[in-house]
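The values are calculated or read from the model by the stated rules, or taken from the named source; none is laboratory data. Not measured: the values here are computed from a predicted model. Neighbour counts are summed over all protein chains in view; Cβ atoms, including those assigned to glycine, are modelled from backbone coordinates with ideal geometry. Keep in mind that these areas ignore ligands, DNA and RNA; they rest on the heavy atoms of the full protein, side chains included. Shrake-Rupley method; radii C 1.70, N 1.55, O 1.52, S 1.80 Å.
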Amino acid sequence: MKSTAQFSSWLSAFLPDSLHTRPREWSRAALGAAIGFLFSTWVCSQLFGLHMAVHFSGPLAASAVLLFAVSSGALAQPWAILGSYLCACVVALTITHFIDHSLVGAALALGLSLLVMCPLRCLHPPAGAIAFCMVFATPAPGEPFWQPALAVMTAGVGLLACALLYNNLTRVPYPRPHPGTSTVHRTRDPLPSERAGINADDLDHALDELGSFVDVTREDLELIVRSTEKHALRRSMGDIRAGQMMSRDLIHATPHTRVAEGLYLLTHHQLKALPILDEHRQLVGIVSLVDLVGAIRANSFNLRAILGLQKQQVLGELMTSPVQTVDVDAHVVDLIALLSDDGLHCLPVLDSGALVGVITQTDLVAALHRDLLRHLD
């Protein structure tokens, strides 16, 4: 029985996991790969002949799949394709010069190319096929021996150009942007969400311990971990919504409220932000205590303001617009990053477009505390 269960488990490992992409993304990637492959091989055939373009069409097709279907992967970044193609060309030309155009030479070119790509951080699987094809590529009579390498690099640049244009036009950022290191407070502290639990150093250590090739960038892995933590937290926290934790007795102002009056409202009610409503009671902006203090300090050095010759500022001149808002049914987990990592002190809550309340950092802490007590009971 035990051996049968082990065999079944081993056999199930051959079954593929389900894809977590949508059919629309499949169509987008398929169209892009076809366009990129067609353009790059066409350019290569126009410049170096159809025979040369067909000779390298297999590796180019494989690269097209990576650049358009898994463009966020580490193996599909611009340096990966350009650097790997260059490594394959140099290694293959060296092999053919010192050995010959044989299967042994092709296998040696493949292995050495892989060995060179790793320390240069440009691992790209189709480049192995490029090295193999380069060994058997023969330039036309009278052409220089390095012409196949020029053809390969031309096709690679053409394919990369298509990927850069097509992916970004279809709202897939490419190349994968590196996350910014600065926070909203412009300090070297990590974001509040990264100060506890798993952080970037932990992911680096985990990848180092794994020690094998992983086709995922550390940034993508961090996004997956953060998203997993978020979904687990949402499940454990039940159904706490913005409407349950918001303040309903709204203190607000209008765009025509003077700065001094707005500062009084903030200090008197011990608030850090003030929603701004128009004559139809629609939210048009928000003003923070920092905004008002900055405006008052600027006027303290303004001679016209000191002499009373300058028109008094109103909140409409200082308010932030448009405003980051949340829906009344937003889950508490969705508010955590907004009120911590994004540096917001107050989140207006809307119900069918109308302002019905505000959520502050204090409200969020109180909701998290209540949930913690519920789990301790």
Inset, instruction - Calculate the spin-label point distance for Glu317 paired with Glu143, positioning each point 7 Å from the Cα along the beta-carbon direction, and give it in nanometres. - result: 7.0
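What is the local net charge at Leu250, summed over the other residues whose Cβ is closer than 15 Å to its Cβ (Lys, Arg +1; Asp, Glu -1)?
Result for the neighbourhood of Leu250: -1.
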Legend entry - Environment charge at Met319 (Cβ cut-off 14 Å; Lys +1, Arg +1, Asp -1, Glu -1): -3
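For Val287, Val356, what's the largest-to-smallest order of accessible area, 1.4 Å probe? It would help to have the intermediate numbers written out before the result.
Values: Val287 0, Val356 45 Å².
Largest accessible area first, the residues go Val356, Val287.
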Inset, instruction - Give, in nm to one decimal, the length gained when the segment between Arg370 and Arg22 is fully stretched (0.36 nm per residue of separation minus the Cα-Cα distance). - result: 121.5 nm
Legend entry - Accessible-area value, Glu317, 1.4 Å probe, nucleic acids and ligands omitted, Å²: 110
Legend entry - Protein accessible area in region 22-170, 1.4 Å probe - carbon and sulfur %: 76
Inset, instruction - Leaving out ligands and nucleic acids, note down the accessible area per residue over region 22-170 with a 1.4 angstrom probe, in whole Å². - result: 49
Inset, instruction - Using only Cα atoms, figure out Rg for region 22-170 and give it as a multiple of 2.2 N^0.38 Å. - result: 1.02
Legend entry - For Leu274, net neighbour charge (Lys/Arg +1, Asp/Glu -1) across residues whose Cβ lies under 15 Å away: -2
